[in-house]
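Notes follow the structure.
The values are calculated or read from the model by the stated rules, or taken from the named source; none is laboratory data. Here the structure is a predicted model, which means the values were calculated and not measured. Please note: Cβ atoms are built from the backbone with ideal geometry, for glycine as well, and neighbour counts cover all protein chains shown. Heavy atoms of the whole protein, side chains included, go into the accessibility calculation; ligands, DNA and RNA do not. Shrake-Rupley method; radii C 1.70, N 1.55, O 1.52, S 1.80 Å.
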Amino acid sequence: MTDKKYARRLVLDATLNTRDLGGYMTKNGEITNFGVILRSDVPACLSKKDEKILDPYHIKTAIDLRGKTHFNEEQNILSTIKEINFYNIPMLGGFKELEKININHNVNSYETLAELHEEALYEIFSIIANHNEGATFINCKAGKDRTGIISALLLLLCDVPEEDVISDYEISYTLNKKKFEFDEKNPRTSYYLSPPKNMEDFIKYIDEEKGGAAQFLQSLGLEKKEILNIKRRLLN
């Protein structure tokens with residue numbers, strides 16, 4: 001399904017961190033399909049150039065993972081397009097909630113983030129499994145933490161090597177730093193960093209405590225046929 005219309009990173013005017021999960025080789029030599037899943041920071045608007053770039057994806061489903069406060073403060077332009085099935089499924093609502101994850105202000109405890117939002121994860125992956133037409137666009141605020149968890153689980157489900165899953169996560173810092181001023185000593189600005197250990201720990205949690213991505217999704221309530229359908233969309 002590789003095609004010159006598709007690219008790993010989409011250079012849009014509206015966002016900094018929009019990427020396609022296609023083009024990753026799995027451990028058995030398959031390659032994930034382009035044009036199925038887009039991961040991103042929030043698109044508040046779209047330029048004519050952006051519309052042209054996104055047109056080949058025929059986006060039919062969009063999932064915004066921001067909490068209601070952030071969702072209401074900054075519009076997601078995809079929510080206004082009638083041809084798109086749009087969902088707002090909150091996974092945390094803002095910095096105060098993020099700080100509750102642990103006393104060290106470590107928003108990047110993705111294991112805890114997943115445990116706190118199992119119902120949301122079930123809903124998200126059910127939508128991905130049952131919407132087969134066009135691409136699915138998934139975003140949070142910066143396209144790093146919440147979107148990063150979903151993207152990692154999708155790549156792990158396809159048996160993409162751990163190194164590539166971590167690499168896909170790490171690039172968010174590089175792409176986002178144009179927008180945010182970083183201070184590694186300030187917990188709030190450090191939220192936008194994407195050090196590999198965060199994803200290494202999450203992958204270890206999924207593999208060792210949950211039995212792998214497929215078993216984890218099944219434990220959330222997804223049926224085997226739904227999990228197979230997600231893999232089919234990304235690999236066939």
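Per residue, how much accessible area does the chain show when a 1.4 Å probe rolls over the protein heavy atoms, in square angstrom?
Working: 11300 Å² over 236 residues.
For the chain, the solvent-accessible area averages 48 Å² per residue.
Cross-link partners among lysines for residue 210, C-alpha distance below 18 Å, same-chain residues fewer than 8 apart left out?
Straight-distance partners of residue 210: 224.
Just grab the label-to-label distance for residue 116 and residue 75, each label 7 Å out from Cα along the Cβ direction, in nm (one decimal).
3.0 nm
If only Cα atoms are counted, what is the Rg of the chain, and what is its Dmax, in Å?
16.5, 47
Hey, rough spin-label estimate for residue 85 and residue 44, points 7 angstrom out along Cα→Cβ, what's it come to in nanometres?
3.0 nm
Within the stretch 196-236, report the GluC sites (Glu not before Pro) that DSSP leaves as loop and that have at most 13 other Cβ atoms within 10 Å.
223
How large a share of the accessible area of the stretch 110-156, in percent, is made up of carbon and sulfur atoms when the probe is 1.4 Å and the other protein chains stay in place? Walk me through the numbers on the way to the answer.
On the way: 540 of 1350 Å².
The C+S portion of the solvent-accessible surface of the stretch 110-156 is 40 percent.
Work out the FRET efficiency for residue 178 and residue 132 from their Cβ-Cβ distance, taking R0 = 35 Å, and round it to the nearest 0.05.
Details: r = 35 Å, r/R0 = 1.00.
Result of the calculation: an efficiency of 0.50.
Express as a percent, rounded to the nearest 5, the fraction of DSSP beta bridges in the chain (both residues included) that run antiparallel. Mind dumping the intermediate values first?
Numbers: 4 of 16 bridges.
So the antiparallel bridges amount to about 25 percent of the total.
Roughly speaking, what is the stretch gain from residue 223 to residue 204, that is 0.36 nm per residue apart minus the C-alpha to C-alpha distance, in nm to one decimal?
Details: separation 19, 0.36 × 19 = 6.84 nm, distance 2.35 nm.
Going from the current span to full extension adds 4.5 nm.
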